[in-house]
Amino acid sequence: MMMLTFLATFAVFLLVVLGMSLGWIIKRKSIQGSCGGISALGMEKVCDCPEPCDARKKRMAREARRIL
């Protein structure tokens, strides 16, 4: 019984993956969001706080040093 459940679940997942990939297989077009993402919310970046917290400031400084 457990093996039958596993195989049925595997088959369902396989059908879902195949169904989602049909757009790429047929049109060579990848999946896109329809809402526009963060830019639709009027945010310029993921962290849109006016004053970032200390941990965020340290992380930003580390990233800036790594880039240079």
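Structural remarks
- Stretch gain in nm, segment ALA61-LEU4, where the contour uses 0.36 nm per residue and the Cα spacing is subtracted: 15.1 nm
- Computed over neighbours whose Cβ is under 12 Å from that of SER21, the net charge equals +3, Lys and Arg +1, Asp and Glu -1.
- Additional length obtainable on full extension of the chain from PHE13 to CYS53, 0.36 nm per residue less Cα span: 10.2 nm
None of the figures in this text is laboratory data; all of them are computed from the coordinates on show. Since the model is a prediction, treat every value here as computed from it, not as a measurement. Methodologically, a virtual Cβ is constructed for each residue, glycine included, from the backbone with ideal geometry; neighbour enumeration extends over all protein chains shown.
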